[in-house]
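What follows draws every value from the coordinates through simple rules; no lab data is involved. Just so we're clear, the structure is a prediction, and the values are computed from it rather than from any experiment. Using ideal geometry, Cβ is built from the backbone for each residue, glycine included, and neighbour counts are taken over all protein chains shown.
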Amino acid sequence: MNNKEITLVNLPNRTASLMNHAYQISNYGTLDHVLKSIEYRIEHDFNLPSFLIIHNSNIDSSEFGEFNKALQKLFVKIPTVVLDEAPSSEKMRTYQKMGAGDYLSDDVPDESILRQLKRLDKSNTSK
């Protein structure tokens, strides 16, 4: 999984620790900025992010759903983990129905998130 890019949304405090795991990291404050970056990368034939990690503190499920619909229109699928400071099974089901590969508490260690990304990466490549 090395040399892959992880795009963080609303997670500036995770940047340095994830970089310590030898990943390229990009950071955005909103899903709209991520979408614009992806559209630009497609237009200019740049590599797309390998993974998204989104903190949902300023992003609600409807915004996440609209973001995933926009990605589908671009024929883009990026494995996504949503982190939440107050996780619930109801929110987990909602985000997973809208395309999140996983939904975790935001206090999980980086290693747990990276394990989930590896799992999502394997399930994506086996399809």
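The listed residues are Asp102, Asp84, Asp121, Asp110, and the only one of them that is touching a strand residue (DSSP E or B) at 6+ places or on another chain (Cβ under 8 Å), of a type in the set (Asp, Glu) and touching a residue at least 40 places away in the same chain (Cβ under 8 Å) turns out to be Asp121. Annotation: of all residues in segment 49-77 being of a type in the set (A, V, I, L, M, F, W, C) and in contact (Cβ under 8 Å) with a residue 40 or more places away in the chain, the one that is farthest from Ile6 (Cα to Cα) is Ile59. The residue pairs whose first member lies in segment 24-39 and is β-branched (Val, Ile, Thr), whose second member is surrounded by fewer than 18 Cβ atoms within 10 Å (Cβ to Cβ) and part of a helix (DSSP H, G or I), and whose beta carbons are closer than 9 Å, counting only pairs six or more residues apart or on different chains, are Ile25/Thr15; Ile25/Ala16; Ile25/Met19; Thr30/Asn58; Thr30/Glu63; Ile38/Ala70.
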